[in-house]
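Comments concern the structure below.
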Amino acid sequence: MWEKKTTAVLSGVNPNDLHDVDNTYDWSTATGSWIAAVNTAVFAGFSNWRVPTREELLSIVDTSVTTCGSGTPCIDPIFGPTQASRYWSSTGNDPLGAHGVNFFNGNAFILS
């Protein structure tokens, strides 16, 4: 099951809304306090939410989406609203860095 954001892309950042698509988080917040807050809120009736792995994020990439790589997220619209930007995975902060997927172009990345 995937979390679906509740606001429109570029509608403005709301740090009080855990599900605002315009909010951004660093890796430690995304995998720590943000996911803890979602579980405490029992979002959608569940308290066992987690950040997806790198492979799970890559599994929803769709580079056949019209204008993928030109501003439209490279992801099936069923998962929207989604920013055409980088999303962290739970695939760890290993010696190389934290892993994620860039939905602007569908590529995986590692940031150290």
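One residue is enough: does the stretch 50-59 have a residue meeting the conditions of a type outside the set (S, T, N, Q), closer than 18 Å to Phe104 by Cβ and part of a strand (DSSP E or B)? Break it down stepwise before answering.
Of the residues in the stretch 50-59, the ones of a type outside the set (S, T, N, Q) are 50-52, 54-58.
After this cut, where a residue has to be closer than 18 Å to Phe104 by Cβ as well, the list is 52, 54, 57-58.
Going one step further and asking which of them are part of a strand (DSSP E or B), we end up with none.
No, the stretch 50-59 contains no residue that is of a type outside the set (S, T, N, Q), closer than 18 Å to Phe104 by Cβ and part of a strand (DSSP E or B).
Please enumerate the residues belonging to the stretch 100-112 that are under 17 Å from Ile75 (Cβ atoms) and open to solvent by 20 Å² or more (accessible area, probe 1.4 Å). If you could, list the steps in order and put the result at the bottom.
If we filter the stretch 100-112 for residues that are under 17 Å from Ile75 (Cβ atoms), which is where we start, we get 100-109.
Residues satisfying the conditions are Asn102, Phe104, Asn105, Asn107, Ala108, Phe109.
Among the residues of the stretch 19-33, how many are open to solvent by 50 Å² or more (accessible area, probe 1.4 Å) and within 19 Å of Arg54 (Cα to Cα)? Break it down stepwise before answering.
Within the stretch 19-33, the first condition is being open to solvent by 50 Å² or more (accessible area, probe 1.4 Å), and the residues that meet it are 24-28, 33.
Next, from what is left, pick out any that are within 19 Å of Arg54 (Cα to Cα): 24-28.
Total meeting the criteria: 5.
Among the residues that make up the stretch 78-90, is at least one of them surrounded by 12 or more Cβ atoms within 10 Å (Cβ to Cβ) and more than 12 Å from the chain's Cα centre (by Cα)?
Taking every residue of the stretch 78-90 in turn, none turns out to be surrounded by 12 or more Cβ atoms within 10 Å (Cβ to Cβ) and more than 12 Å from the chain's Cα centre (by Cα).
Restricting the stretch 53-77 to residues that are open to solvent by less than 40 Å² (accessible area, probe 1.4 Å) and in contact (Cβ under 8 Å) with a residue 40 or more places away in the chain, which is farthest from Asn102 (Cα to Cα)?
Looking at residues that are open to solvent by less than 40 Å² (accessible area, probe 1.4 Å) and in contact (Cβ under 8 Å) with a residue 40 or more places away in the chain, I get Ile60.
Kindly establish whether Thr40 is at pLDDT 95 or above and surrounded by fewer than 13 Cβ atoms within 10 Å (Cβ to Cβ). Lay out the reasoning, then the answer.
Details: at pLDDT 95 or above: yes; surrounded by fewer than 13 Cβ atoms within 10 Å (Cβ to Cβ): yes.
It is true that Thr40 is at pLDDT 95 or above and surrounded by fewer than 13 Cβ atoms within 10 Å (Cβ to Cβ).
The values are calculated or read from the model by the stated rules, or taken from the named source; none is laboratory data. It should be emphasised that the depicted structure is a prediction, and the values quoted were computed from it without experimental measurement. All Cβ positions, glycine included, derive from the backbone under ideal geometry; neighbour counts span all protein chains shown. These area figures cover heavy atoms from the full protein model, side chains too; ligands, DNA and RNA do not enter into them. Shrake-Rupley method; radii C 1.70, N 1.55, O 1.52, S 1.80 Å.
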